[in-house]
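Okay, so here's the structure we're looking at.
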């Protein structure tokens, strides 16, 4: 049982501050630019293992409630590009949309869709579709789940 406690759990961190007598698990779920967090005290939940179980249950319930896919893999939901879509950017110099992703084994993948060939709207739609399919493959889910 002790080995299970030492495993890392996504979005869950252990806090032990002797000077403040604070011991427990801190859960932070980020999705679509918002953060949901809660602290699970060992004292309130009946010990280290019980508070971990409560923290994991809350994390899973919170993810389901906000529509986040339950996975231990990292998911980016806020885009830094002007397109507003993670992994899709407009390259005006080359007149194309560029798509990037990370595959199932953690390797970077890239491709592009020509605006000259497809037109701007269709090229953007195709780029978004490629990104969605690649992200679904990485997470092991159906593209409709994303």
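The values are calculated or read from the model by the stated rules, or taken from the named source; none is laboratory data. Keep in mind that this is a model prediction, so the values were computed, not measured. Positions of Cβ are backbone-derived with ideal geometry, glycine not excepted, and every protein chain shown enters the neighbour counts.
Among the residues making up segment 83-109, those that are at pLDDT below 85, in a loop (DSSP other than H, G, I, E, B) and more than 12 Å from residue 128 (Cβ to Cβ) are 103, 104, 105, 106. Residues of segment 113-137 that are in a strand (DSSP E or B) and crowded, with 18+ Cβ neighbours inside 10 Å: 113 alone.
The listed residues are 44, 20, 38, and the only one of them that is loosely packed, with under 11 Cβ neighbours inside 10 Å and on the phi < 0 side of the Ramachandran plot turns out to be 20.
Within segment 15-29, restricting attention to residues that are in a strand (DSSP E or B) and free of Cβ contacts under 8 Å to residues at least 12 places away in the same chain, the residue that is farthest from residue 60 (Cα to Cα) is 17.
Please specify each residue of segment 38-64 satisfying the condition of being within 15 Å of the chain's Cα centre (by Cα) and either more than 16 Å from residue 9 (Cα to Cα) or without any contact (Cβ under 8 Å) to a residue 12 or more places away in the chain (or both). 60, 64, listed by residue number.
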